[in-house]
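Below you'll find the structure, written out as structure tokens, and then a few comments.
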Amino acid sequence: MSFLDPLWSDLAASFTATPAPVATLRLVAAMVMGGLIGFEREWHHKPAGLRTHMLISVAAALFALLSFELLEISRQLGGAETGARNDILRLIGAVTSGVAFLAAGTIVVNAGRVKGLTTGAGMWLAGAVGLACGTGRIGLAGLAAGLTVVVLWLFRRLEDAVEHKAAREAAEEAAARAEAGLLARARHPGSEAE
């Protein structure tokens, strides 16, 4: 018996509920999908970008995989499955709370304007995508990640168009008021002193 045998045995025990190739696929899928969400945030120089979203998603997937492993250990030891199942449901709340804590750090209020809400929501979604991947719902995670990227890219374009239109209208209104003021002063030359 080699001194490596106990190490290999311990490593193999990590994959009792989910085979290693499946766990790898789920973690990689979480990383890629979290990266898709994070790339958009990174592209726009937001406080939480590519790496943060990837890490959140992989961590959430890992927690989901660990919950399956703990359930399997409990089953093997003859533990009550109902208690273990409740712990799996608590896992979702714990991951959500942890991500919310991180996301709160990106939200800033300055001069009455709130910034960072979309980044925080993206982080929250990256956690959900990771949980979905970790539980084997990769298709659902892919759909959610795809929709998230559409919302972040497409609706940013729409918001920019609306903001440019509003800025243009405000500039036109200011120019019209200035022109009206000049016309009024031209008609009544001493009235600005009043």
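All of the numbers you see were taken from the coordinates with simple rules; none came from a lab. Every value quoted in this text rests on a predicted model; they were computed, and no experiment measured them. Cβ coordinates were reconstructed from backbone atoms using ideal geometry, including for glycine residues, and neighbour counts include every protein chain displayed.
Putting +1 on Lys and Arg Cβ atoms and -1 on Asp and Glu Cβ atoms, find which of Thr148, Phe68, Trp124 reaches farthest to the positive end of the dipole of the chain. Positive-most Cα among the choices belongs to Thr148. Full extension of the chain between Arg157 and Asn110 yields a length gain of 14.5 nm, computed as 0.36 nm times the residue separation minus the alpha carbon distance. Sorted from greatest to least, the principal axis extents spanned by the alpha carbons of the stretch 5-148 come out as 58, 29, 28 Å. For the chain, list the DSSP H helices whose alpha carbon atoms reach 20 Å or more along the long axis and whose average Kyte-Doolittle value is -1.0 or above? Counting only whole DSSP H runs, the qualifying helices are 20-43, 50-76, 81-104, 117-134, 138-187. Per-residue ellipticity at 222 nm computed for the chain from its helices equals -28000 deg cm²/dmol, with DSSP H segments shorter than 4 residues left out and the rest contributing -39,500 (n - 2.57). Evaluated with a Cβ-only charge set (Lys, Arg +1; Asp, Glu -1), the chain carries a dipole of roughly 180 debye about its Cα centre, given to the nearest 20.
Just to verify a number: FRET efficiency for Ala176 and Leu147, C-beta to C-beta distance, R0 = 41 Å, to 0.05? Between Ala176 and Leu147 the formula returns 0.45. Taking Lys and Arg as +1 and Asp and Glu as -1, the other residues whose beta-carbon sits under 12 Å from that of Ala13 total -3.
Each of the peptides 93-106, 46-59 was scored by the mean count of other Cβ atoms within 10 Å over its residues; in descending order, highest first, they stand as 46-59, 93-106.
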